[in-house]
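Trainee: Sharing a structure with you now.
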Amino acid sequence: MSATPASDETSEQSGLDMSRSAIDSELKSIIADVLGVDAADAEAFTPETGLFGHLPELDSMAVAGLLTEMEDRLDIVIDDDDVDGEMLETYGGLLSFAEAKIIEG
Amino acid sequence: MISTWNAPLSDGKDSEELLLAFDENRPVRVLILPAWFDEANKLRRFTVEVMRRLDGSGIDSFLPDLPGCNESLAQLSEQTIASWREAAGVASAAFSTTHVLTLRAGAILAPTELSGWRYAPQTGPKQLRGMVRARTIASREQGKEETTDDVVRAGRESGVSLGGWAIGPAMFSELETAGPTESDTQVDIAQATIGGPGLWLRAEPDYDATQADALAAIIALSVGDRV
């Protein structure tokens, strides 16, 4: 029998404790779920990967869904003023935004 | 399989609404309360596929349209959560249902006396927040400055159209606080239990046979000794 305990770290962690890599993988998982893109494709995102205007799946309705899902799963609140082109332009921009919001938490 | 039922309206009149049912007078009869608004469209096929699988497992199920939804002649803007709750109760009595299965915000309407299941229950505030956000983003794309506060104020005062759904002022205010009904006999089924991403997240309606299998199997197993 394996001695490795079952890990449920990501689901149990509060936003405050999330490490950078945990935020990264959760954000990729959210994008994959919301846009219906392949998990492996999302996993290959780099900070330079273009989002809004680059991914045809990401229209304005999908942006609303994406932000709402980020609020739920990262335990953050996103205000009207937070949403701008820069934040949604690249994956790196969105990740930095999420990290800043979680620290602000 | 498709018939009609008479739903009560808040003014005391009735409204004839469509009913999708698998009814063979079997012992387990499940009232289906579907997801709301845009999520209703995205989950419609999933919902019906779950019903087909329940039928295959010897379980009756009933999916009544509520006033203001789908082909209803009643205005959505005149409906309230309270009137929908009453309609859900009337439907349950009319079809002699023994259980309830709610999807997403449908949990808000579940008759408390029925035991059953709440699939990925959604609260009113969260449902509303997503819809208001979609509106402010769409407004901004059209070059109109409209804040969340603007939309909320309009919604409370006179109602507002969110993604094409005409939400009246009463329902808007109810949505701001509504949650799943209190019940000790209705079990939550999280999306993580079903596996895969929730179909309500998709930009377009989609369908996943594996997810429908999983939800129907959970229900069929938990009533197994009664079928």
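Only the coordinates and a few stated rules stand behind these numbers; no lab work does. Quick caveat: nothing in here was measured; it's all calculated off a predicted structure. In this analysis, Cβ positions are derived from the backbone assuming ideal geometry, glycine residues included, and neighbour counts consider all displayed protein chains.
Trainee: Just grab the label-to-label distance for residue B:10 and residue B:217, each label 7 Å out from Cα along the Cβ direction, in nm (one decimal).
Mentor: 4.3
Trainee: Which angle between 0 and 90 degrees, to the nearest 10, do you get for helix B:148-158 versus the longest principal axis of chain B when only C-alpha atoms count?
Mentor: Approximately 80 degrees, to the nearest 10.
Trainee: Just checking the output field for B:198-205: average partner chain Cβ neighbours within 10 Å of each residue's Cβ?
Mentor: Rounded to a whole number, the mean comes out at 5.
Trainee: Taking amide H positions as placed 1.01 Å from N in the peptide plane, with prolines and chain starts having none, which residues 5 or more places from residue A:90, or on another chain, fall under 5 Å of its amide H?
Mentor: Sorted by chain and number, the residues that satisfy this are A:51.
Trainee: Quick one: 3J(HN,Hα) in Hz for the range A:31-42, Karplus 6.51/-1.76/1.60 with θ = phi - 60°, rounded, Gly and Pro as x.
Mentor: Calculated HN-Hα couplings, in order: 4, 4, 5, 6, 8, x, 7, 4, 4, 5, 5, 5 Hz.
Trainee: Additional query: Taking the 0 to 90 degree range and rounding to the nearest ten, how far is the long axis of helix B:81-94 tilted relative to the main principal axis of chain B, both from C-alpha atoms?
Mentor: 20
Trainee: With n ≥ 4 as the cut-off for DSSP H runs, can you work out [θ] at 222 nm for chain B, using -39500 (n - 2.57) per run divided by the number of residues, rounded to the nearest 500? Don't skip to the end; give the middle numbers.
Mentor: Working: 7 runs with 88 residues, N = 227.
After summing the helix terms and dividing by the residues of chain B, the value is -12000 deg cm²/dmol.
Trainee: I'd like the Karplus ³J(HN,Hα) series for the range A:44-51: coefficients 6.51, -1.76, 1.60, θ = phi - 60°, whole numbers in Hz, and an x wherever there's a Gly or Pro.
Mentor: Per residue, the Karplus-derived 3J(HN,Hα) values read 7, 4, 10, x, 8, 4, x, 10 Hz.
Trainee: What is the average number of partner chain Cβ atoms found within 10 Å of a Cβ in B:133-144?
Mentor: Shielding by partners across B:133-144 averages 4.
Trainee: How many nm separate the modelled label positions at residue A:22 and residue A:37, each set 7 Å beyond the Cα in the direction of the Cβ?
Mentor: It works out to 2.5 nm between the two label points.
Trainee: Within 10 Å of each residue's Cβ, count the other Cβ atoms and sort B:104, B:129 from fewest upward.
Mentor: B:129, B:104
Trainee: Taking the number of other C-beta atoms within 10 Å as the exposure measure, put A:91, B:119 in order starting with the fewest.
Mentor: Ordered from fewest to most neighbouring Cβ atoms within 10 Å, A:91, B:119 come out as A:91, B:119.
Trainee: Got a sec to turn the phi values of the range A:96-101 into Karplus ³J(HN,Hα) couplings, 6.51 cos²θ - 1.76 cosθ + 1.60 with θ = phi - 60°, whole Hz, x for Gly and Pro?
Mentor: Once θ is set to phi - 60°, the couplings for the range A:96-101 become 4, 4, 4, 4, 4, 5 Hz.
Trainee: May I ask for the angle, rounded to the nearest 10°, between helix B:124-141 and the longest principal axis of chain B, with both axes built from Cα atoms and the value confined to 0 to 90°?
Mentor: That works out to roughly 40 degrees.
Trainee: Summarise the partner chain shielding of A:65-72 as one whole number: the mean count of Cβ atoms from other chains within 10 Å of each residue's Cβ.
Mentor: On the way: counts 8, 2, 5, 9, 4, 0, 4, 3.
So the per-residue partner count for this stretch is 4.
Trainee: Follow-up question, since we're still on this one. Need the C-alpha centroid separation for the range A:46-63 versus the range B:164-221, integer Å.
Mentor: After rounding, the separation between the Cα centres reads 26 Å.
Trainee: I'd like the FRET efficiency for residue A:77 and residue B:191, computed as 1/(1 + (r/R0)^6) with the beta carbon distance as r and R0 of 35 Å, rounded to 0.05.
Mentor: 0.95
Trainee: Shifting gears a bit: Under the rule a/c < 1.5 gives rounded, and otherwise a/b versus b/c splits prolate from oblate, where does the range B:135-227 land using the Cα gyration tensor?
Mentor: The shape class here is oblate.
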